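What follows is calculated from the coordinates using simple rules that are stated; it is not laboratory data. What you see is a predicted model; the values in this text were computed from it and never measured. Note: ideal-geometry Cβ built from the backbone for every residue, glycine included; neighbour counts use all protein chains shown.
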Amino acid sequence: MKAVLALVRRDIALSFREGGAIGVALGFYLVVVAIAPFGLGPDLNLLARVAPGLLWIALLLAALLSADRIFHNDYEDGSLDVLAMGPLPLAGVAASKSLAHWVTTCVPLALLAPVLGLLLNFPIHTIPLLVLAMLAGTPAVSFIAGIGASLTLGLRRSGLLIALLVLPLYVPVLIFGVSTISAAVTDPVRLGRRFMLCAISLASMVLAPLAAAAALRTGFR
Amino acid sequence: MTFSLTNLANPTRFLNFAGTVIPWLAALTVLLLGVGLYQAVFVAPTDYQQGETVRIMYIHVPAAWVGMGCYAVIAIAALGTLIWRHPLADVAAKAAAPIGAAFTFVILVTGSLWGKPMWGTYWVWDARLTSLLVLFLLYLGLIALWQSIEDPGRAGRAAAILALVGAVNLPIIKFSVDWWNTLHQPASVFRTGGSTIDPALLTPLFVMGGAFLALFVLLHLIAMRAEILRRRVRVLQQTQVQQAQIAQAARA
Amino acid sequence: MNTPFTVTLEARGVACDRGGRRLFEDLSFALAPGEALLVQGPNGTGKTSLMRQIAGLLPLAAGEISAKGAEAGTPTAELCHYVGHLNGVKTSLSVRENLTFWADYLRGDATGGDVNAALGVFGLAPIADIAAGLLSAGQKRKLALLRLFACPRPIWLLDEPSVSLDVASVERLRQAITGHREAGGIAIVSTHVPLGEAFTHTLDLHALDMAEEPAP
């Protein structure tokens, strides 16, 4: 347990120190959302209607942008070898690193979402639910990104490749994430879908590290 | 006393200069801000249409001047970095970017606070605000680039190139955003009143403009000083590392 | 290193495949507490691969590697320290932070090892709070080697440990290996530079390869 704490704490410290990685993800999120109206037109009614989907898709892209960071740096500098020799099983290493990615990337993105919601004329009274839905759904985003990152370990263009591999896996998160928020806007009674979102996240948190660990094994040189 | 800009080019002289100027400038800023805010809040008349909310203008408009002017400072400093390889130009640009971003953020926030009672929503894709949003994004990009490159020399040159590209692009962005906006929503939605502004409104506006300018210069000098010192610390640490190496080799 | 180690390491009939090619096979050795093995051979004969196999980072194509004498159920990898070509040093963390993390992580819920004492081994204590990114190649190497002292483990796997170290530091490393062996530890070292250490065993992967040569 101490090892998990040490690893998560180090990864969080690193992402705060290394070139403002958190800031870049947040900036990317902002840019993608801010540029969408130039394609869709400034009609506020239209923007409000597409806002849930837009916010989720941009969040997925922003989270993926930093996904190759999950294992890549540790692989490049040899830390991953030493991590594999610690008391944690490799799946534990993958889970800890995915968790750190969630804390340093997805949580800040979810907290930025309300501000971007304002840009898209998103109804203000549903903003708490927007944040909750994103916090509930994003663990799946980070843990599945961990699979992509472990599969593409040490490859060239790994960033693009991760997006190609992982984005299709995000379809369930996207569907239930968007419908949770839309339901809040149009039909607050039918909120049962958010439990679906939590279920997807919990399942990913259990299963994804196993897949990631298996992929990491193949990646060792 | 011979005083010239070339004297300031030397970082040590700059540090001395900044040390003497900063207290005075801070006093001036406080004074101007005090007078300006007093006039803006208590003296200036309310608008017959906008009511008390018009007072947001006294923050919003000067912030816009400074926020945009700051990009000009960065662009000129970028020229200084690339053409004259001035030792302080890069420091000046790097120190200015977060300040510019902060002022632009203030413009956006005050703009949307103003917009809530005017338009009924916090954000409207109005041409001016949209252009400023793009400016804000450019600032963020510059800051991110500086943060991402470890070697200060390379970071400075790369950021300078990006700053100049942005400077060339800004008018084009402004033009295309205007075009985009008028294409989608005819000028009915929002145009600020006429061009004739009452002098009673104008005086506090200019005082606030002066205050914001002084604030910018003050923050900029402080940030530049911090950046120079940060680089010196880095050099000192490097020598410390070398000495540790030599000491260890000598000991054995 | 206060507690004497009692672990023995044994390899039986180990083979290694890299990229579809068999690097070596039928490799066996046994090391008792306090013994040291020097792994020799030209580039590409599998010195690093063997080290990584012992560390559990590469699968064995055949044979088995086992450690006896430790607490039952401990995987061999957790009894080993592996210092390879890469240092596992984070440039944005300070020297102390780097070492503290590895000590905390590798130790897990166990205790033992002292970060502050370890920092003194190679004279990095005066720069303990400086970011590791500012360190020279040799100093980063020393920082990687300090893992050996911050968290005690019985088996040391050192792959070319003397790379970018100066003469004084190589001598300090040799003393450390001797000390480790006196405490009952096992050291497996591959190096091109004579460390001055008297190894109890020598394994020449080239000779092994040559022996296999006529077969195909």
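With each label point set 7 Å from Cα along the Cα-Cβ vector, what nm distance links C:THR200 and C:ALA117?
Going from the C:THR200 label point to the C:ALA117 one covers 2.3 nm.
Just going by the charge dipole of the protein assembly as shown, with Lys and Arg at +1 and Asp and Glu at -1 on Cβ, which of B:ALA97, C:TRP102, B:LEU205 is farthest out on the positive end?
Of the options given, the answer is B:LEU205.
Could you name the lysines in cross-link range of B:LYS174, using Cα to Cα under 28 Å and dropping any fewer than eight places away on the same chain?
B:LYS94, B:LYS116
What do you get when you divide the Cα radius of gyration of the protein assembly as shown by 2.2 N^0.38 Å, with N the number of residues?
Cα Rg divided by the expected 2.2 N^0.38 Å: 1.17.
Under DSSP H, which helices of chain A have Cα atoms covering 18 Å or more of the helix axis and a Kyte-Doolittle average no less than 1.6?
Taking the DSSP H segments of chain A (at least 18 Å long, mean hydropathy at least 1.6), we get A:21-40, A:44-65, A:107-119, A:127-151, A:171-186.
Modelling each spin label as a point 7 Å along the Cα-to-Cβ direction, I'd like the A:LEU160/B:ALA226 distance in nm, to one decimal.
My value for the distance between the label points is 3.9 nm.
Restricting everything to alpha-carbon atoms, can you work out Rg to Rh for region A:2-220 with a Kirkwood hydrodynamic radius?
That ratio equals 0.99.
Quick query: amide H of C:GLY184 versus all other amide H atoms, modeled in the peptide plane; which residues come in under 5 Å with a sequence gap of 5 or more or a different chain?
The answer is C:PHE5, C:GLY34.
Quick one, what does Rg over Rh come out to for region B:49-118 if you take C-alpha atoms and the Kirkwood Rh?
Reported Rg/Rh (Cα atoms, Kirkwood Rh): 1.19.
Report the full-extension gain for the segment B:GLN242 to B:TRP24: residue separation times 0.36 nm, less the Cα-Cα distance, to one decimal in nm.
Full extension of this stretch gives 74.4 nm more.
Compute the angle between helix C:95-107 and the longest alpha-carbon principal axis of chain C, please, reported from 0 to 90 degrees and rounded to the nearest 10.
50
Of C:PRO194, C:PRO152, C:PRO59, which is the most mobile in a GNM of chain C whose springs link Cα atoms less than 10 angstrom apart?
Checking each option, the largest mean-square fluctuation is seen for C:PRO194.
Post the alpha-carbon centroid distance, region C:39-109 to region A:58-97, in whole angstrom.
18
Nearest 20 debye, what's the magnitude of the dipole of chain A about its Cα centre given +1 on Lys and Arg Cβ and -1 on Asp and Glu Cβ?
Value, rounded to 20: 260 debye.
For A:VAL171 and A:LYS2, what is the calculated FRET efficiency with R₀ set at 41 Å and r taken between the beta-carbons, to the nearest 0.05?
0.65
Just to check I understand the Karplus step: with θ = phi - 60° and J = 6.51 cos²θ - 1.76 cosθ + 1.60, what whole-Hz values come out for region B:74-79, glycine and proline as x?
Values per residue, Gly and Pro as x: 5, 5, 5, 4, 5, 4 Hz.
Using unit Cβ charges (K, R positive; D, E negative) and no other charged atoms, how large, in debye to the nearest 20, is the dipole of region C:1-68 about its Cα centre?
220
Hey, if you put +1 on the Cβ of every Lys and Arg and -1 on every Asp and Glu Cβ in the protein assembly as shown, which of A:CYS198, A:LEU88, B:HIS86 ends up farthest toward the positive end of that dipole?
My answer, from the dipole projection, is B:HIS86.
Between C:PHE24 and residues 5 or more places away or on another chain, which pairs have amide H atoms under 5 Å apart, with H built 1.01 Å from N, and which residues are they?
C:CYS16
Could you tell me the center-to-center distance, by alpha carbons, between region A:120-164 and region A:16-53 in angstrom?
Answer, in whole Å: 14.
With just the Cα atoms defining each centre, how far is region C:116-183 from region B:38-99? Give it in Å.
About 52 Å separates the Cα centre of region C:116-183 from the one of region B:38-99.
If you project the alpha carbons of chain B onto the principal axes, what extent comes out on each, in Å, largest first?
Principal-axis extents of the Cα atoms in chain B, largest first: 82, 42, 35 Å.
Would you work out which of B:PHE42, B:TYR122, B:SER176 lies farthest towards the positive end of the dipole of chain B, given +1 charges on the beta-carbon of Lys and Arg and -1 on that of Asp and Glu, about the Cα centre?
Checking the options against the dipole of chain B, the answer is B:SER176.
Please give the contour-minus-distance gain from B:VAL233 to B:SER176: 0.36 nm per residue of separation, less the Cα-Cα distance, rounded to one decimal in nm.
16.0 nm
Mind pulling the angle between the C-alpha long axis of helix B:11-38 and the longest principal axis of chain B? Nearest 10 degrees, somewhere in 0 to 90.
20
Using the alpha carbons of region B:92-149, what is the convex hull volume per residue in cubic angstrom, as a whole number?
Spelled out: Cα convex hull of region B:92-149, divided by residues, is 69 Å³.
Could you calculate the FRET efficiency of A:VAL206 with B:ARG85 from 1/(1 + (r/R0)^6), where r is the beta carbon distance between them and R0 is 56 Å, rounded to 0.05?
So, using R0 = 56 Å, E works out to roughly 0.50.
What's the Kirkwood radius of region C:73-216 in Å, using all Cα pairs?
Evaluated on region C:73-216, it is 16.3 Å.
If I model a spin label as a point 7 Å beyond the Cα along the Cα-Cβ vector, how far apart are those points for C:GLN175 and B:THR46 in nm?
8.2
Report, in deg cm²/dmol and to the nearest 500, the calculated mean residue ellipticity at 222 nm for the protein assembly as shown, where each DSSP H run with n ≥ 4 adds -39500 (n - 2.57) and the sum is divided by the residue count.
Calculated from helices alone, the mean residue ellipticity at 222 nm is -21000 deg cm²/dmol.
If the cut-off is a Cα-Cα distance under 17 Å, which aspartates and glutamates reach A:LYS2, setting aside same-chain residues fewer than 8 apart in sequence?
Straight-distance partners of A:LYS2: A:ASP11, C:GLU78, C:GLU97, C:ASP104, C:ASP109, C:ASP114.
Taking the Cα of A:LEU118, stepping 7 Å toward and past its beta carbon, and measuring to each backbone N in region B:121-149: which are under 19 Å?
Within reach of a label on A:LEU118: B:121-140.
In whole Hz, with x marking every Gly and Pro, tabulate ³J(HN,Hα) for region B:101-118 from phi via Karplus 6.51 cos²θ - 1.76 cosθ + 1.60, θ = phi - 60°.
My calculation for region B:101-118 gives 4, 5, 5, 5, 4, 4, 4, 5, 5, 5, x, 6, 5, 5, x, 3, x, 6 Hz in order.
Just tell me how shielded C:128-141 is by partners: mean number of partner chain Cβ atoms within 10 Å of each residue's Cβ, no decimals.
Across the residues of C:128-141, the mean count of other-chain Cβ atoms within 10 Å is 3.
Considering only DSSP beta bridges with both partners in the protein assembly as shown, what is the antiparallel share in %, to the nearest 5?
Restricted to the protein assembly as shown, the bridges split so that about 45 percent are antiparallel.
Can you list the equivalent-ellipsoid semi-axes of region C:1-119, largest first and in whole Å, using the square root of 5 times each Cα gyration tensor eigenvalue?
28, 20, 13
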